[in-house]
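Undergrad: Got a structure for you, written out below as structure tokens; questions coming shortly.
Computed from the coordinates by the stated procedures, all read-outs in this text should not be read as laboratory data. The structure presented is a predicted model; accordingly, all values stated were derived computationally and were not measured. Cβ placement follows ideal geometry from the backbone for every residue including glycine, while neighbour counts extend to all protein chains displayed.
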């Protein structure tokens, strides 16, 4: 049995059997586009939160409440309320207390929870999008040289392939200039979208959430109603079961995540996790821990005459050996299903290792986040991911790395982020699963796809807790490595500006404009394109 996977399974079982928190509270998950994440991240940057982990989202509302209590207590007991950033911190804490009122009222007092409780309209979003442009296609071949080492060192862990030995990439980028949108793709021209979410509770033990979505596109003059999120959750604290459709983000990046993001449509899943951190006494040196294990099933596809509908499972394990250090492990895998040998032995091979004889395709890797208190709590993070394994090591490597400066100025009103992504030549491709690592034609992981290099920088200025101006720029290339004869290097320069303003007590508006120029679109020499996008949305939070 592969040593790496032994460690994963043991760790997850430890988490699942760890004692639940004494004050367990079941609560719904916070949408990944909620400003609550920005508030908590900013408060952490001010030194008011130390027990946070970033590598697994969404946060439950109970976990966000726990972090809010920590920030409030630190603020009250320290001299920070006299700092230049005090006004920003105080305003964000006030807003968090407003949006998390139920969970904060029941914090450490969950026996007071009503037998039945409901919030018919927890959140709502009305969005208008105008798109002048078309998405890039990820349908292309890339060279696979083989002969891999580890961390770019050594060779021979995988056989050298004779040149050219192409692999086939599939999929699309979805909507230009608007990645990570839970599988919602806007068409050219005018688009309108409406989402509304409601929730109901049974005491402190169970919660259900329902979020339908209505989408209209002028290009085809049609409206489509779908279910964006809908689930039931039982438990909380160190052990929670979730069944239904929901978003999941595994990784430290903001621009993207290698293993699993909300770029594709939300998965229909069964998930076991610890929404709040826990400790195991005889593993106290690992510090606070979190885990997640989910099972789902992907699309039914026929590619190159091969019919597939694989199962999908993902594992996440987080350890915080100190306040300023977070270590994570990610695993995502397609296995079995239609068109493959589904014997028990094949499933065992697929679950426990990466062999040439199993019925699976997946990736695994490690991540690290370090917070430097002496640099105004600047954070450095990195992820290493392998598409295959050789003995212990993940090989066929992809990387994501970046830094985040939450206190670019002492008043806390300015922050800066830089992020780099390099997707291996064969990232998200597979001979066993020829459609690749996709769901509804979009990458399950990083929105920019495989055989790609991406640079991203974002600056944000806070005029108030609900008044934010952000600028970002990205430079993306395809074909500068892994290229084949006849392919040109595709280069994309993209910029966006967004402004968020409060309208009423619980309603805010956001306006975003983005433009990008692409040379050699889809690696075709001389094919150039300019895309533009405008987004206007109104958001309501209960």
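Undergrad: Could you work out the relative contact order of the stretch 1-541? I mean the mean sequence separation of Cα pairs under 8 Å and 6+ apart, divided by the number of residues, in percent.
TA: Working: 1438 pairs, mean separation 81.6, N = 541.
Dividing the mean separation by the residue count of the stretch 1-541 yields 15 percent.
Undergrad: Using the Kirkwood radius over C-alpha pairs as Rh, can you work out the diffusion coefficient of the chain via Stokes-Einstein at 10 °C, viscosity 1.306 mPa s, in µm² per second? Mind showing how you got there, number by number?
TA: Details: Rh = 24.1 Å.
Roughly 66 µm²/s, to the nearest whole number.
Undergrad: Between residue 375 and residue 84, what's the calculated FRET efficiency when r is the beta-carbon distance and R0 is 22 Å? Round to 0.05. Please list the in-between numbers first.
TA: Working: r = 17 Å, r/R0 = 0.77.
Once rounded, the FRET efficiency stands at 0.85.
Undergrad: Sort 465, 69 so the one with the fewest other Cβ atoms within 10 Å of its own Cβ comes first.
TA: Values: 465 22, 69 18.
Lowest count first: 69, 465.
Undergrad: What's the FRET efficiency of residue 414 with residue 118 using the Cβ-Cβ distance as r and R₀ = 60 Å, to the nearest 0.05? Write out the running numbers ahead of the final one.
TA: Working: r = 40 Å, r/R0 = 0.67.
The computed FRET efficiency comes out at 0.90.
Undergrad: What list do you get for 329, 421 if you sort them by fewest beta carbons within 10 Å?
TA: On the way: 329 22, 421 26.
Ascending Cβ contact count within 10 Å gives the list 329, 421.
Undergrad: Now for a different question. Among 318, 395, rank each residue by its count of other Cβ atoms within 10 Å, from fewest to most, as a rough exposure measure.
TA: Details: 318 26, 395 18.
Going from least to most buried by this count: 395, 318.
Undergrad: Follow-up. What does the C-alpha gyration tensor say about the overall shape of the stretch 143-235? Classify as rounded when a/c is under 1.5, otherwise prolate if a/b is larger than b/c, or oblate.
TA: Numbers: a/c = 4.53, a/b = 1.64, b/c = 2.77.
In terms of gyration-tensor shape, oblate.
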